[in-house]
Structure formats: structure tokens, C-alpha cells
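Just below is one structure, and these are the notes that go with it.
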Amino acid sequence: LLVDWSRAFHREAAPAYPEPDFARYVGLRIEQGDAFVWIENGQPLGMAARARRTTRGVCINSVYTPPEARGLGVATALVATLTRDLLSTADFCVLFTDLENPTANRLYQKIGFRPVRGFTVHWFAPPPSADTQRQ
């Protein structure tokens, strides 16, 4: 389920970027205790991940709710609960989100997060091989 959700999250949030090996990615997150699933009435409704732990802080990322569970407050409850739990052992918690998603950002600001900084990703292709240059 988390592999499928991670793939769906990636396709929605970062469709232009190469897809990682989701089985390996999810397996590592589970093994390291960094994957979290929101469950209500025995039904998994959403996921999030802990990332980039430092001596003082921690990050939440990969927040995903499948379309059929959206609008039910799942992401709000999941992020709020996870944030509270992470702050019991960290001085601060950041949330990595898409600043172009007004719905998510309104939700996260309601919980208490505020925009701090944006970023841009640049992908660089490897230089052409000697064989390619000769053609």
C-alpha cells in the first residue's frame, strides 16, 4: 500500500522528476521507523514520513491522502499528531510542502506551520559519452 501511495504522491507532487525505486525507498523508511500511516476504523487513510533528522530538528514530508479520503481532515489530523509527537524529542519541526498547493498550505498554516523558504530543483544530465559525440 505504501509503495502504491508513494508512487501516486510522486506522480502528483513531482511528475517531472525521475521515479525512484519505490519498494526500496518505502522499505528503508519502514526499517528506520520513518513511515507513518493514519488509520481510522481499521482503514488506512493517509501517510507521512519523517526525514532529515538533526540533533535539534526534524522534517515531515511525503504527506499523502488518496483521493477517496481527501476532504475528511485526514492530512490535518495526521500532520498535527505527527508534529506533536516529533516535537516531544526535537526542538523544531519543519514541513516540506509544495508552495504552489494552496489547499495544503492553508491546512498546514492552520496547524501552526508558516512558510519560511522556497527552493528550486535543477536536474543535470550527464555529459554525452564519447560514442554519442562521434555520431
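Structure data summary
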item	result
Close pairs (6 angstrom Cβ cut-off, 6 or more residues apart or separate chains): more than 13 Å from residue 1 (Cβ to Cβ) in segment 33-53, outside any loop (DSSP other than H, G, I, E, B) and not hydrophobic (A, V, I, L, M, F, W, C) anywhere	34/50; 49/29; 49/61; 49/62; 51/61
Single unsatisfied condition, residue 104 versus (1) under 20 Å from residue 6 (Cβ atoms); (2) in a loop (DSSP other than H, G, I, E, B)	(2)
Subset of segment 1-39 (residues that are surrounded by 14 or more Cβ atoms within 10 Å (Cβ to Cβ), more than 22 Å from residue 76 (Cβ to Cβ) and among the aromatic types (Phe, Trp, Tyr))	22, 25
Pair list, Cβ < 6 Å and 6+ apart or interchain, from segment 1-29 residues that are closer than 25 Å to residue 125 by Cα to residues that are open to solvent by 60 Å² or more (accessible area, probe 1.4 Å) and part of a helix (DSSP H, G or I)	22/7
Members of segment 68-80 found to be free of Cβ contacts under 8 Å to residues at least 40 places away in the same chain and either within 26 Å of residue 53 (Cα to Cα) or not acidic (Asp, Glu) (or both), listed by number	69, 70, 71, 72, 73, 74, 75, 76, 77, 79, 80
Output for segment 88-135, where each listed residue is modelled with pLDDT of 85 or more and either closer than 23 Å to residue 17 by Cβ or touching a Leu at 6+ places or on another chain (Cβ under 9 Å) (or both)	93, 94, 95, 108, 111, 113
Only one of 91, 98 that is touching a helix residue (DSSP H, G or I) at 6+ places or on another chain (Cβ under 8 Å), open to solvent by 20 Å² or more (accessible area, probe 1.4 Å), within 25 Å of residue 116 (Cα to Cα) and among the acidic types (Asp, Glu)	98
Segment 50-76, subset of a type outside the set (A, V, I, L, M) and closer than 12 Å to residue 103 by Cβ, residue least open to solvent (accessible area, probe 1.4 Å)	65
Checking residue 28 against (1) touching a helix residue (DSSP H, G or I) at 6+ places or on another chain (Cβ under 9 Å); (2) in a helix (DSSP H, G or I), the condition it does not meet	(1)
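The values are calculated or read from the model by the stated rules, or taken from the named source; none is laboratory data. Since the model is a prediction, treat every value here as computed from it, not as a measurement. Note: ideal-geometry Cβ built from the backbone for every residue, glycine included; neighbour counts use all protein chains shown. Ligands, DNA and RNA are excluded from the accessible area calculation, which covers all protein heavy atoms including side chains. Shrake-Rupley method; radii C 1.70, N 1.55, O 1.52, S 1.80 Å.
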